[in-house]
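**Student:** Mind having a look at this structure? Questions to follow.
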Amino acid sequence: MEERHETVIVGGGHAGLAMSHQLSRRGRAHVVLERGRVAERWRSERWDSLHFQFPNWSLALPGQPYDGPHPDGFSSRDEVVAFIERYCAATAAPVRTGVRVDAIRPAPAADGFRLDTSHGVLAASNVVVATGPYQEPVIPAPAGALPPRVTQVHSSAYRNPSRLPAGAVLVVGSGASGCQIVEDLLAAGRRVFLSVGRHRRFPRRYRGRDMFWWMERMGALDQTLEERPEARERPNPLVTGVGGGHDIDLRHYAARGAILLGRLEAVEGSRLWLADDLDEQLARGDEGVTAFTRSVDAYVARAGLAVPEEASPEPRAVPTAAPIRTIDLAAASISTVIWATGFRRDFGWIRLPVLDERGEPIHRRGVTRCAGLYFLGLPWLYTLKSSVLCGVGRDADHLAEHIASRAAIPALRRT
Ligand SMILES: Cc1cc2nc3c(=O)[nH]c(=O)nc-3n(C[C@H](O)[C@H](O)[C@H](O)COP(=O)(O)OP(=O)(O)OC[C@H]3O[C@@H](n4cnc5c(N)ncnc54)[C@H](O)[C@@H]3O)c2cc1C
């Protein structure tokens, strides 16, 4: 007989587990299918030195606040995995690990869905897709033209400097991943080139508080795209939790010997061609600091908060000479290119009319037009914090409520 579930959650990261908890609280039966292990992406797609980028007090899931000794510290990658594992155990989430979902289709009998998995076919009235905001590596086209002797690694496959061949390393991309990897390489004494792209610097702390504290306090994390439509195109804040958390400033890397370059435009044999946009990118990155500190100052004045005064950090001159427009990989002894160029989502395995022309889910707060099919954990699913750990609980609560109300009115299951 066919195995049937009221709800199947696809993905056993923090989003899938928060969803499981919110359904359990309502007494709704479900199962979580995870193709690897619980928190697989934190285990196998994050580098060794990565730390949680927000203070530990925000390492919190529904029913499990941070209760460790360092609320203002930053947990290591392995501590984040342990936190999620502990959550899974504490909530007794019904997780089946090692089960990959290959397709979700409409059920032949009209009501609900059929899931093709690595362990057979399942049927479900509801499916929550919680397969992550950052799924498939994006590797730009010039990668294909690099000489075979150059080792290429995406940031999701980078672990630590000792795993890379000897020689200089070119990091392409200056988001939080690219910059944190540059710091890792510089600390190991590696010669580093950084191709700088769009980024948005933030001060780690300002006027006595962490930037994330200010964002929460000012309500920025709870803003929706309707309120801030321009926010979708903005790069994520450039922050790190390594070493107790500190500012990221690309000029410091240059002062420590890294060679800053403009955007990578093309590769011809051993030669790289770079855009003449480094100063512009650095200046735009600094605008993040100015905008943030001004908004904090305005908020402090409005709210009448008694916090220390602090001068907004001044950007310094870039210690570069004439812009570098071209580099010969062999002459620069570059043995490795690390692509810190982001991710895309792949929902091609969902065979239902819920994706737009770019393959992105069409939904309202995670609820799709296919009754019973939901998404969770995506950037801006509802608010700015929807795709980070402390933000998923509220979205999961909303979806669990939806699922519970569908179960209460059986006729709705066929709408
Ligand atoms: C480098 C990096 C650093 C980050 N740092 C932070 C941070 O400091 N703080 C923070 O709050 N957020 C951070 N994030 C963002 C976000 O919190 C993480 O991406 C987090 O892993 C997302 O959790 P999730 O449960 O939504 O998805 P994921 O952790 O991606 O979990 C999805 C799960 O689904 C499984 N899966 C996928 N497809 C299938 C399938 N077809 N069948 C079955 N299982 C499947 C995967 O194996 C995975 O375990 C970071 C992201 C990145 C890339």
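The values are calculated or read from the model by the stated rules, or taken from the named source; none is laboratory data. Since the structure is predicted, the reported quantities are computational estimates derived from the model, not experimental observations. All Cβ positions, even for glycine, are placed from backbone atoms using ideal geometry, and neighbour counts span all protein chains on display. Each accessible area value is taken on the protein alone, full model and side chains, heavy atoms only, with ligands, DNA and RNA left out. Shrake-Rupley method; radii C 1.70, N 1.55, O 1.52, S 1.80 Å.
**Student:** Just need a number here: residues in segment 332-361 that are open to solvent by 30 Å² or more (accessible area, probe 1.4 Å) and in contact (Cβ under 8 Å) with a residue 40 or more places away in the chain. Walk me through how you get there before you give the answer.
**Tutor:** Going through segment 332-361, the residues open to solvent by 30 Å² or more (accessible area, probe 1.4 Å) turn out to be 333, 341, 343-346, 348-349, 351, 353, 355-358, 360.
Subsequent filtering for residues that are in contact (Cβ under 8 Å) with a residue 40 or more places away in the chain retains 333, 341, 343-346, 349, 351.
So the count comes out to 8.
**Student:** Of all the residues that make up segment 323-345, how many are charged (D, E, K, R) and within 22 Å of residue 155 (Cα to Cα)? Walk me through how you get there before you give the answer.
**Tutor:** Quick first cut of segment 323-345, residues charged (D, E, K, R) only: 325, 328, 344-345.
Filter again for within 22 Å of residue 155 (Cα to Cα), leaving 344-345.
Result for segment 323-345: 2.
**Student:** In segment 335-381, which residues are among the β-branched types (Val, Ile, Thr) and within 15 Å of the ligand (Cβ to nearest atom)? Let's see the steps before the verdict.
**Tutor:** Going through segment 335-381, the residues among the β-branched types (Val, Ile, Thr) turn out to be 336-338, 341, 350, 354, 362, 367-368.
Listed by number, the residues that qualify are 338, 341, 350.
**Student:** Looking only at residues in segment 135-155 that are of a type in the set (A, V, I, L, M, F, W, C), over 11 Å from residue 336 (Cα atoms) and touching a residue at least 24 places away in the same chain (Cβ under 8 Å), which one is least open to solvent (accessible area, probe 1.4 Å)? Give the derivation first.
**Tutor:** As a first pass, look at segment 135-155 and keep what is of a type in the set (A, V, I, L, M, F, W, C): 138-139, 141, 143, 145-146, 150, 153.
Restricting the remaining residues to those that are over 11 Å from residue 336 (Cα atoms) gives 138-139, 141, 143, 145.
Then drop every residue that is not touching a residue at least 24 places away in the same chain (Cβ under 8 Å), which leaves 138-139, 143, 145.
On the way: 138: 49, 139: 85, 143: 13, 145: 46 Å².
In this case the residue turns out to be 143.
**Student:** Identify the residue in segment 38-70 that is without any contact (Cβ under 8 Å) to a residue 40 or more places away in the chain and open to solvent by 60 Å² or more (accessible area, probe 1.4 Å) and, among all such residues, is farthest from the ligand (Cβ to nearest atom).
**Tutor:** So the residue we want is 69.
**Student:** Limited to segment 177-209, what total is found for residues that are out of contact with any helix residue (DSSP H, G or I) (no Cβ under 8 Å at 6 or more places or on another chain), open to solvent by less than 20 Å² (accessible area, probe 1.4 Å) and not aromatic (Phe, Trp, Tyr)?
**Tutor:** The qualifying residues number 1.
**Student:** Separate question: Out of the residues in segment 105-127 that are over 15 Å from residue 6 (Cα atoms) and in a strand (DSSP E or B), state the one that is most open to solvent (accessible area, probe 1.4 Å).
**Tutor:** The extreme case among them is 105.
**Student:** Can you find, within segment 23-37, the residue that is farthest from residue 122 (Cα to Cα) among those that are in contact with a strand residue (DSSP E or B) (Cβ under 6 Å, 6 or more places away or on another chain) and within 14 Å of the ligand (Cβ to nearest atom)?
**Tutor:** 37
**Student:** Further, regarding this structure: Regarding segment 76-97, can at least one residue be identified that is within 8 Å of the ligand (Cβ to nearest atom), more than 30 Å from residue 163 (Cα to Cα) and not charged (D, E, K, R)?
**Tutor:** Taking segment 76-97 and keeping what is within 8 Å of the ligand (Cβ to nearest atom), we get 80.
Filter once more, so that each one left must be more than 30 Å from residue 163 (Cα to Cα): none.
No, that holds for no residue.
**Student:** Based on this model, can you work out whether residue 92 counts as touching a residue at least 40 places away in the same chain (Cβ under 8 Å) and either over 14 Å from residue 3 (Cα atoms) or open to solvent by 10 Å² or more (accessible area, probe 1.4 Å) (or both)? Break it down stepwise before answering.
**Tutor:** On the way: touching a residue at least 40 places away in the same chain (Cβ under 8 Å): yes; either over 14 Å from residue 3 (Cα atoms) or open to solvent by 10 Å² or more (accessible area, probe 1.4 Å) (or both): yes.
Yes: the conditions hold for residue 92.
**Student:** Can you confirm whether residue 170 is more than 14 Å from the ligand (Cβ to nearest atom), open to solvent by less than 40 Å² (accessible area, probe 1.4 Å) and not in a strand (DSSP E or B)?
**Tutor:** On the way: more than 14 Å from the ligand (Cβ to nearest atom): yes; open to solvent by less than 40 Å² (accessible area, probe 1.4 Å): yes; not in a strand (DSSP E or B): no.
Criteria not met by residue 170.
**Student:** Turning to a different aspect of this structure: So in segment 387-408, with the set limited to residues that are under 12 Å from the mean Cα position of the chain (by Cα) and not polar (S, T, N, Q), which one is most open to solvent (accessible area, probe 1.4 Å)?
**Tutor:** Taking segment 387-408 and keeping what is under 12 Å from the mean Cα position of the chain (by Cα), we get 387-389.
Pick out the ones that are also not polar (S, T, N, Q) and you get 388-389.
Numbers: 388: 35, 389: 8 Å².
Across segment 387-408, the extreme among qualifying residues is 388.
**Student:** Still on this structure: Here's a check for you: in segment 1-22, which residue that is hydrophobic (A, V, I, L, M, F, W, C) and either under 15 Å from residue 372 (Cα atoms) or more than 9 Å from the ligand (Cβ to nearest atom) (or both) is most open to solvent (accessible area, probe 1.4 Å)?
**Tutor:** Our first condition is that a residue be hydrophobic (A, V, I, L, M, F, W, C); within segment 1-22, this holds for 1, 8-10, 15, 17-19.
Filter once more, keeping what is either under 15 Å from residue 372 (Cα atoms) or more than 9 Å from the ligand (Cβ to nearest atom) (or both): 1, 8-10, 19.
Values: 1: 233, 8: 0, 9: 0, 10: 9, 19: 0 Å².
It comes out as 1.
**Student:** Out of 149, 163, 159, 191, which single residue is touching a Gly at 6+ places or on another chain (Cβ under 8 Å) and on the phi < 0 side of the Ramachandran plot?
**Tutor:** On the way: 149 fails: touching a Gly at 6+ places or on another chain (Cβ under 8 Å); 163 fails: touching a Gly at 6+ places or on another chain (Cβ under 8 Å); 159 fails: touching a Gly at 6+ places or on another chain (Cβ under 8 Å).
Residue meeting the stated conditions: 191.
**Student:** Of 262, 243, which residue is under 28 Å from residue 312 (Cβ atoms), open to solvent by less than 40 Å² (accessible area, probe 1.4 Å) and under 25 Å from the mean Cα position of the chain (by Cα)?
**Tutor:** Within the list 262, 243, the selection yields 262.
**Student:** Considering 201, 217, 209, which residue is away from the ligand (no atom under 16 Å from the Cβ) and either under 19 Å from the mean Cα position of the chain (by Cα) or free of Cβ contacts under 8 Å to residues at least 24 places away in the same chain (or both)?
**Tutor:** 201
**Student:** Taking the conditions exactly as written (buried (at least 20 other Cβ atoms within 10 Å of the Cβ) and either away from the ligand (no atom under 16 Å from the Cβ) or free of Cβ contacts under 8 Å to residues at least 60 places away in the same chain (or both)), does residue 384 satisfy them or not? I'd like the intermediate steps shown before the answer.
**Tutor:** Details: buried (at least 20 other Cβ atoms within 10 Å of the Cβ): yes; either away from the ligand (no atom under 16 Å from the Cβ) or free of Cβ contacts under 8 Å to residues at least 60 places away in the same chain (or both): no.
Spelling it out, it is not the case that residue 384 is buried (at least 20 other Cβ atoms within 10 Å of the Cβ) and either away from the ligand (no atom under 16 Å from the Cβ) or free of Cβ contacts under 8 Å to residues at least 60 places away in the same chain (or both).
**Student:** Considering each of 367, 289, 296, 300 in turn, give the residue that is surrounded by 15 or more Cβ atoms within 10 Å (Cβ to Cβ), free of Cβ contacts under 8 Å to residues at least 60 places away in the same chain and of a type in the set (A, V, I, L, M). Steps first, answer last, please.
**Tutor:** On the way: 289 fails: free of Cβ contacts under 8 Å to residues at least 60 places away in the same chain; 296 fails: free of Cβ contacts under 8 Å to residues at least 60 places away in the same chain; 300 fails: free of Cβ contacts under 8 Å to residues at least 60 places away in the same chain.
Answer to the selection: 367.
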